[in-house]
1. Tally the residues that are of a type in the set (A, V, I, L, M), modelled with pLDDT of 95 or more and not in a helix (DSSP H, G or I), restricting the search to the stretch A:118-163.
2. What tally of residues in the stretch B:70-86 results from selecting those that are more than 7 Å from chain A (Cβ to nearest Cβ) and in a loop (DSSP other than H, G, I, E, B)?
3. Restricting to the stretch A:196-230, name every residue that is loosely packed, with under 11 Cβ neighbours inside 10 Å, at pLDDT 80 or above and of a type in the set (Gly, Ala, Ser).
4. Looking only at residues that are in a loop (DSSP other than H, G, I, E, B) and in contact with a helix residue (DSSP H, G or I) (Cβ under 6 Å, 6 or more places away or on another chain) in the stretch B:1-13, which one is surrounded by the fewest Cβ atoms within 10 Å (Cβ to Cβ)?
5. Going by the structure shown, is B:Arg211 on the phi < 0 side of the Ramachandran plot and more than 14 Å from chain A (Cβ to nearest Cβ)?
6. Going residue by residue through the stretch B:222-229, is there one that turns out to be surrounded by fewer than 24 Cβ atoms within 10 Å (Cβ to Cβ) and within 27 Å of B:Lys177 (Cα to Cα)?
7. For the stretch B:97-107, name all the residues that are part of a helix (DSSP H, G or I) and within 17 Å of B:Phe78 (Cβ to Cβ).
Amino acid sequence: MHVDDDFHYLGSMPYKFKMDTEFAEKFRESAESRGLQSRTVSYDGFPIDTGSIVALKLLNPDNRIPACIVSSNMYANRAETIVLGKSARDAIAAQGKKAVVVVVSSLSNRMFTEHIDPAEDRIHSAKDDEWNKKILEFFGDGRLEDLSQLSREIHGQIRVQKVVAYKPAWWMSATMGQHNNYTGEVLAYEALHGSGGAVVVLTPSKGSVGDKEFDEDDVEHYHGDRGVLDTGAL
Amino acid sequence: MAKGEIVLGCLAPHPPHVVYAENPEQNEAFAEGGWETLRWGYNRLARKLKSIDYDAMVIFTPHWQTYIGTHFLGLPKFKSKSVDPVFPNLFRFNYDISVDVELAEKMCEVAGESGIVTKMMRNPDFRIDYGTITSCHMLNPEWDKPLVTISSNRNAHYYSPEVMNEQASALGDACAKAIEESGKKVVLISSHSLSHRHFVTESPLPEDMSREHIYNHSQYVWDMKLVDLMRDGKMKEVIDIMPEFTEQTIAETEAGGLTWMMAAMGYPEYPAEIYGYQSVIGTGNLIAAWDPLEATREIVL
């Protein structure tokens, strides 16, 4: 049973999920082989988060497909997140599985800071709305890697700074192969207490749209923080 | 009815490691000890609390994070298991807690009247956060006093540490007024460490004290700066530099707990009682107390 910290008055969320523990172990092993610190968790009462519960209950209501939930490392920035995505891809390939990749995240995440009548819900600001629509345009064109490259800009423009970066596009693109070859479908876009919520599907395809000039590093193995201050010193 | 009062304020860090190391029957994990400087400090403060007459503990926790106002636990009993999301290997605690709902409602009401967005939490399935459990267990292992748990409204995330300071101060003022009107004697608890940069790996034996040290010297220097100001009774100055401290040390003070407690206590100008300072997975943890009564105020360390 789960209860949300903010929206507890909306009721309790009972859940029972079927997990693919064999895949989780392989994912952990792959992450460690690429230099990441990783562990699996198997304890009665471990708290599953609101985002995972909502997504799994709505996308996979009868538990037909076993799931694997991976945490978001608080301190991780782009390099670790890209390498984590590649680790997931390694594990999928090693086990010869067909997998559906799910990221649970809002677009703009500024909520109203007071209680509102749901009938009066709207995106918090015109700027957030405009950016959300631009992101959805990219998704609609299947431009996932372009969004990954824009992630830092998106974080600066429309993300409340409660975490260090907007990681979902980084992880999703790295897991799915770092390109724009998708057919994109935006199934829904609505305000969620002021934040921007969208349901988007990306299906691998042949064509590619966009392809910005990619200027971010493409990291294969995580070697820890770079000593830029030491190496760059005169 | 006599006016209610705050009889003690406690800074009570909540690394689950200290509960793990104590091996209480409620926790499933077993330890060979560890973090004695902190635990013995806690034990001493718990003994002082035994000598004080009070009705309830009011705790402000960074691990019940709310973005739409400040929330208060609003049912008389909560019973379940709390598992730490980062350290499930250490903390799987079966709790059975009592809440002073009357006092919580009073605080919610007075805070609401002062313009703060508030909400009572009345879902019986709600899981109590490990910060509340750790701090309260270490201060009162018998669990024989009711609690009021206050969520931390994340103003530092939405606005800035400066706005957090302002709003946490307003909440502290409102809670002090509510306590006065309630006629109750209350212990306040601000549950958090000071500097809060963690190691990103864990030693094979978590209680191996040969591995434990502060994350870096900068964090240590900042922590000691705060300890010195607390010893000197300069709590207004501590709160004034809180935004800078919070940003420099990634501190859990970002949640507003210390600001809330100091505002409620009128920014004490008397020395804090220092019970212990020790690092846990690299974070800086201080146990301190503010005793408004000069006759019982001690120099502990």
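1. 1
2. Step one: list which residues in the stretch B:70-86 are more than 7 Å from chain A (Cβ to nearest Cβ), which gives B:70-80, B:82, B:84, B:86.
Applying the additional criterion that residues be in a loop (DSSP other than H, G, I, E, B) yields B:74-76, B:84, B:86.
Counting residues in the stretch B:70-86 that are more than 7 Å from chain A (Cβ to nearest Cβ) and in a loop (DSSP other than H, G, I, E, B) gives 5.
3. Of everything in the stretch A:196-230, just one residue is loosely packed, with under 11 Cβ neighbours inside 10 Å, at pLDDT 80 or above and of a type in the set (Gly, Ala, Ser), namely A:Gly224.
4. Here is the first cut: in the stretch B:1-13, the ones in a loop (DSSP other than H, G, I, E, B) are B:1-4, B:12-13.
So of that shortlist, the ones also in contact with a helix residue (DSSP H, G or I) (Cβ under 6 Å, 6 or more places away or on another chain) come out as B:3-4, B:12.
Values: B:Lys3: 10, B:Gly4: 21, B:Ala12: 30.
Result: B:Lys3.
5. On the way: on the phi < 0 side of the Ramachandran plot: yes; more than 14 Å from chain A (Cβ to nearest Cβ): yes.
So B:Arg211 fits the description; yes.
6. Of the stretch B:222-229, the ones surrounded by fewer than 24 Cβ atoms within 10 Å (Cβ to Cβ) are B:222-225, B:227-229.
Applying the additional criterion that residues be within 27 Å of B:Lys177 (Cα to Cα) yields B:229.
Yes, there is a match, as at least one residue in the stretch B:222-229 is surrounded by fewer than 24 Cβ atoms within 10 Å (Cβ to Cβ) and within 27 Å of B:Lys177 (Cα to Cα).
7. Here is the first cut: in the stretch B:97-107, the ones part of a helix (DSSP H, G or I) are B:101-107.
Scanning the stretch B:97-107 gives B:Val101, B:Glu102, B:Leu103, B:Ala104, B:Glu105.
One line per residue, one yes/no per condition, for (1) part of a helix (DSSP H, G or I); (2) of a type in the set (Asp, Glu):
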{"residue": "B:Gly115", "(1), (2)": "no, no"}
{"residue": "B:Asn123", "(1), (2)": "no, no"}
{"residue": "B:Phe126", "(1), (2)": "no, no"}
{"residue": "B:Thr134", "(1), (2)": "yes, no"}
{"residue": "B:Met138", "(1), (2)": "yes, no"}
{"residue": "B:Gly172", "(1), (2)": "yes, no"}
{"residue": "B:Glu180", "(1), (2)": "yes, yes"}
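The values are calculated or read from the model by the stated rules, or taken from the named source; none is laboratory data. Everything numeric in this text was worked out from a predicted model, so none of it was measured. Backbone-built Cβ (ideal geometry, glycine too); neighbour counts: all protein chains shown.
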